[in-house]
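Q: Sharing a structure here in structure tokens format.
The values are calculated or read from the model by the stated rules, or taken from the named source; none is laboratory data. None of these values were measured; they are calculated from a predicted model. Positions of Cβ are generated from backbone atoms using ideal geometry, with glycine treated the same way; all protein chains shown enter the neighbour counts. These area figures cover heavy atoms from the full protein model, side chains too; ligands, DNA and RNA do not enter into them. Shrake-Rupley method; radii C 1.70, N 1.55, O 1.52, S 1.80 Å.
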Amino acid sequence: MTEKTPYIEVSVTLPVFHTYTYSVPERLKELIAPGKRVLIPFGKRRITGYILGSEKKTEIKGIKNIIDVLDEIPLFPASMIPFFKWLSDYYIHPIGEVIKEALPGGINLNECISMRITDCGTQCLNQKKTSPLENDILNILAADSCRQQNLSKKLNQDVPNSVICKMERNGLIHRTREINKPVTRRKMERYIVCQHTEITDKKLSAPKQKILETAEEYGEISVSALKKIIPTAASHIRKLEQKGFISIFDKPVYRDPFGDTVTPDSPPKLTLDQQHVVSVVVKNLGAGFNAFLLAGVTGSGKTEVYMHAAARAIEKKLSVLVLVPEIALVSEIERRFRARFGECVAVLHSGLSAGERFDQWIRISNRQCSIVIGARSAIFAPLTDIGLIIVDEEHDTSYKQESRFRYNARDMAVIRARQEGAIALLGSATPSVQSVYNVANKKFNELSLQNRVFSQSMPDIHVVDLRKHKDYRGTRRFITIDLQKAIQTTLDRKEQVLLFLNRRGFASYPVCADCGEALKCRNCDITLTLHQKDNAYKCHLCGYSLPSVAACRHCGSNSIKRLGMGTEKIETTIKGLFPKARVARMDRDTVTRKGSLVKLLKDLRNNKTDILIGTQMVAKGHDFPNITLVGIICADLSLSFPDFRAGELTFQVLAQVAGRAGRGKRPGRVILQTYNPDHFSITAATDHDFMKFYNQEISFRKIFKYPPFSRMIQLKISGRDREKTRHQAIAIGKICDALKKENSDYKQWIDILGPIEAPISRMANRFRWQLIVKSEGVDLLHRFVRTLIFENGLHLSGNPVKIAVDVDPFFMM
């Protein structure tokens, strides 16, 4: 790569949109390859960069040399570089940060500044000859050296760089530049190997002889495994090495991210519908890019279709990528794939430890896995020869990342499939409006599964009008008589119940009984939620908490009325109404500990749980044949969102959670409680009629030119100072107006909504405004936003006001 040209293109792990050219010293030329990391000088610092390719340039003066090559093998294949460049361009995000987001965390080298106190500084500290701030800094450094970036945290105040520079000039402190060691690296384990096959020393003790016999039997064995056989092995192996009987060495090992072992299974016989879908997909494997939307009712066997298609892809020496929306679903689908395909399955998601994620990444890079399963970040898996990319529950908004690099993994799956010449198979029982529209426009091909696998009927849905229960008090307001009777009948038949409420906690609206003020978060413009088990009021946005005995901040009263409800209150109520039932709760509060989710699902599968209460986690993809009753506590929570997708989100979650009932031999039933029984989203979900919902929703979108009839980019403007944030938002709005006046295309085809305060006007102590740019033409829309940002001096990571670009936004709050 570097014999003809000594220059390489490098992206850096900083918020800059350009790539940079570096030269390669002769000693490092043999190590250069796209996808490897390099340590480079950048200004006065040394940072990590990623090699994107060679630069065909003639001799250029002033080009800096790279310092070192950090990887033995590339961390990502060269085929992914066009993918990263496309993402950077489309999502208007620096390419170095795109790649950093893709890779396992904690592996990059960066330079930091370390400070220590000098003898002169110690003398001035003792003689109190410094200012109060300088004195505080010297006191910290007298205890130990400190990184400059950590100094403000230790002092709990901002430390101007000018103060640090002055102290260094005066000889009070000394600053040095150091390279941070990577937090995440390969795990090494000690192994022994036998050097002699015959034991000639008869004076060896019995444990030492046993160690040699075991080592000879295994060939090589880890010390940890040896200790399980011979508990005292660690105290003997060094002496055996000194006598030349064994050799001790370190060997890289993989950390195991999987839970319990699984029993291998055999593929079941497919239904005629499943056979047709698989045959269409397989026919197109290896024949170039194609996108399919698989619309299959709940319980129709989509996962089995995925596994059959994956098996045929592997037969053709192609790799398979499977995306699921929630980590909660990864363990479920991973078990099924491992039972079918064994050790060739890898997993990638944020629930893994940094080391586990790194090991899985290396396994995939080394081509030891042909199937990768994971949540949205798995779209970056370093697979080669991809034949099939599966996106399960493609409608789910969890595929959209809402911080840092704001990408949509579902959309990226289609792009990656196109670039790799692979098949994109998007599946859902409730497809997104966007995907169905793509089918209508011939961008996707449609496949369907209209019947459940064992021809079970769809569950009967009984609607309960909560308006008729508004005068009830206590539990009767949300556990109606109809629902309570249905639960009791189901328990009497030894069947399982699922209760759904998309709100966690115990009381979602604590309010002072004396002054009427709500108990609000100090950092966000929302009320706190009581979590009774933790004896605390918590903010679900920033994590701020107060003890459950906290008084009203406005009047000091201790009389707090705990209004509203969440899954925790439902759990407490159900345990009171059905004391003999075994009740479990599945929400973010109960599945944070490692292994807790696997245990919960295992208990449900083994009928150790009678009633499961949960948020939208329980609505997605789980298959438990003994659940015959689903109770939807309140179907209206998402309808009130200030979002044009509110109706779509409501229909999808109701249809999905209703589909958990009656997937076994016994018929299912759903009790749907609502204040809006006539809303078209709810009537369509009740009738199991997706097209009834879609036809009404798409006509509404067309009238108001909402996606899919337009594209949108949202500018999220935030800052800690209310007035500076407001002024910046208004200034950006004026620039947008000026750009429209200057260009006839912009004037005709670009719509500006805002700037306006965000519905949640303060979050994590940052005041928030937003502006939406909308257009029917995606190229024109991107050109407008790029002109706005790059030709008008807007600093995306500026201080004190930050501007975030969200292409195809989902979270409008």
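Q: Taking a ≥ b ≥ c as the square roots of the eigenvalues of the Cα gyration tensor of region 253-322, is the shape rounded (a/c under 1.5), prolate (a/b larger than b/c) or oblate? Please list the in-between numbers first.
A: Values: a/c = 2.01, a/b = 1.35, b/c = 1.49.
Here region 253-322 falls in the oblate category.
Q: How much net charge surrounds THR384 when only the other residues with a Cβ under 15 Å from the Cβ of THR384 are counted, with Lys and Arg +1 and Asp and Glu -1?
A: Here the count lands on +3.
Q: Output the peptides 305-315, 586-596 sorted from most to least packed, where packing is the average of other Cβ atoms within 10 Å over each peptide's residues.
A: Highest mean packing first, the order is 305-315, 586-596.
Q: If you don't mind, there's one more thing I want to ask. Pairs of Cα atoms under 8 Å, at least six residues apart: use those to get the relative contact order of the chain, whole percent.
A: Value for the chain: 9 percent.
Q: With every atom except the alpha carbons ignored, what do you get for Rg and Dmax of region 398-537, in angstroms?
A: Cα-based Rg and Dmax for region 398-537 come out at 22.9, 66 Å.
Q: Excluding PHE700 itself, what net charge comes from residues whose Cβ is under 12 Å from its Cβ, given Lys and Arg +1 and Asp and Glu -1?
A: Spelling it out: positives minus negatives among the neighbours equals +2.
Q: With each run of n ≥ 4 DSSP H residues scored as -39500 (n - 2.57), what mean residue ellipticity at 222 nm is computed for the chain after dividing by its residue count and rounding to the nearest 500 deg cm²/dmol?
A: -10000 deg cm²/dmol
Q: Could you list, in their original order, any pairs among LYS470/LYS620; LYS153/LYS724; LYS468/LYS692; LYS538/LYS561; LYS575/LYS608; LYS599/LYS620 whose Cα atoms are separated by more than 20 Å?
A: Violating the 20 Å limit, Cα to Cα: LYS470/LYS620; LYS153/LYS724; LYS468/LYS692.
Q: Solvent-accessible area per residue for region 49-178 at a 1.4 Å probe radius, Å²? Before the final figure, lay out each step's value.
A: Numbers: 6870 Å² over 130 residues.
That works out to 53 Å² for each residue.
Q: Considering region 344-471, what Rg and Dmax in Å follow from its alpha-carbon atoms?
A: Both quantities, over Cα of region 344-471: 18.9, 65 Å.
Q: Compute the Cα gyration tensor for the chain, then decide on rounded, prolate or oblate, letting a ≥ b ≥ c be the square roots of its eigenvalues: rounded whenever a/c is under 1.5, prolate when a/b is larger than b/c in the other cases, and oblate in all that remain. Mind dumping the intermediate values first?
A: Working: a/c = 1.37, a/b = 1.16, b/c = 1.18.
Taking the square roots of the gyration eigenvalues as a ≥ b ≥ c, the chain is rounded.
Q: What lysines sit close enough to LYS316 to cross-link, taking a C-alpha to C-alpha distance under 28 Å and skipping anything fewer than 8 places away on the same chain?
A: Within the straight-line cut-off, LYS316 pairs with LYS269, LYS283, LYS302, LYS442, LYS443.
Q: Please name which of LEU546, LEU577, GLY566 has its Cα lying farthest along the dipole of region 537-588 towards the positive end, using unit charges on Cβ (Lys, Arg +1; Asp, Glu -1) and the Cα centre as origin.
A: Farthest towards the positive pole: LEU577.
Q: I've got another one for you. Excluding ligands, DNA and RNA, what is the solvent-accessible area per residue of region 587-712 at a probe of 1.4 Å, expressed in Å²?
A: Accessible area per residue, region 587-712: 41 Å².
Q: Further question on the same structure: Quick one: length gained pulling ARG175 to LYS316 fully straight, 0.36 nm per residue minus the C-alpha distance?
A: Contour length minus Cα-Cα distance gives 44.9 nm.
Q: Go through the cysteines of the chain and tell me which have no other cysteine Cβ under 4.7 Å away.
A: CYS112, CYS120, CYS124, CYS146, CYS165, CYS194, CYS344, CYS369, CYS542, CYS634, CYS736
Q: Rounded, prolate or oblate: which fits region 357-424 when a ≥ b ≥ c are the square roots of the eigenvalues of the alpha-carbon gyration tensor, with rounded for a/c under 1.5 and prolate only if a/b beats b/c?
A: Here region 357-424 falls in the oblate category.
Q: How big, in percent, is the set of alpha carbon pairs in region 517-676 lying more than 21 Å apart?
A: Value for region 517-676: 56 percent of Cα pairs lie more than 21 Å apart.
Q: Quick one: net charge around ASN284, please, counting Lys, Arg +1 and Asp, Glu -1 for every other residue with C-beta under 12 Å from its C-beta.
A: +3
Q: Another question, then. Would you compute the Debye intensity of region 458-597 from its alpha-carbon atoms alone, equal scatterers and no solvent, and pass along log10 I(q)/I(0) at q = 0.10, 0.16 Å⁻¹ to two decimals?
A: Debye intensities relative to I(0), on a log10 scale: -0.42, -0.96.
Q: Also, quick follow-up: Among GLY516, GLN488, GLN434, pick out the residue whose Cα is farthest towards the positive end of the charge dipole of region 420-521, where Lys and Arg carry +1 and Asp and Glu carry -1 on C-beta, about the Cα centre.
A: The residue sitting farthest along the positive end of the dipole is GLY516.
Q: How much of the accessible area of the chain, probe 1.4 Å, is carbon plus sulfur, in whole percent?
A: Taking all protein chains in place, the chain shows 49 percent carbon and sulfur surface.
Q: Where in the chain are the DSSP H helices whose alpha-carbon span along the long axis reaches 30 Å or more and whose Kyte-Doolittle mean is at least -1.0?
A: 722-742
Q: Of the DSSP beta bridges with both residues in the chain, give the percent that are antiparallel, rounding to the nearest 5.
A: Roughly 60 percent of the beta bridges in the chain run antiparallel, per DSSP.
Q: Hey, got the dipole for the chain? About the Cα centre, +1 on K and R Cβ, -1 on D and E Cβ, debye to the nearest 20?
A: 1460 debye
Q: I would also like to ask the following. Among the lysines, which have Cα under 25 Å from the Cα of LYS243 when same-chain residues fewer than 8 positions away are ignored?
A: LYS202, LYS203, LYS208, LYS210, LYS227, LYS228, LYS251
Q: Which Cα, out of ILE230, MET458, THR725, lies furthest along the positive dipole direction of the chain (beta carbon charges, K/R +1, D/E -1)?
A: Result: ILE230, furthest along the dipole toward the positive end.
Q: Could the peptides 629-640, 443-454 be put in order, highest first, of the mean number of other beta-carbon atoms found within 10 Å of their residues?
A: Details: 629-640: 21.5, 443-454: 16.8.
The densest-packed peptide leads the list: 629-640, 443-454.
Q: Does a label point 7 Å from the Cα of SER761, set along Cα-to-beta-carbon, have any residues of region 478-521 with amide nitrogen under 20 Å, and which are they?
A: Hits in region 478-521 for SER761 at 20 Å: 516-521.
Q: Compute the accessible area per residue over region 256-315, keeping the other protein chains in place, probe 1.4 Å, unit Å².
A: Result: 46 Å² per residue.
Q: Distance from a point 7 Å along Cα→Cβ of PHE811 to each backbone N in region 493-531: keep the residues under 18 Å and list them by number.
A: Residues 503-504, 521-529 qualify, since their backbone N sits under 18 Å from the label point.
Q: Taking the Cα centre of region 600-737 as origin, sum charge times position over the Cβ atoms of Lys and Arg (+1) and Asp and Glu (-1), and report the length of that vector in debye to the nearest 20. All intermediate terms of the calculation are to be shown ahead of the outcome.
A: On the way: 21 positive and 13 negative charges, 94 e Å.
I would put it at about 460 debye.
Q: In debye, nearest 20: dipole of region 386-426 around its Cα centre with unit charges on the Cβ of K, R (+) and D, E (-)?
A: For region 386-426, the charge dipole is close to 260 debye.
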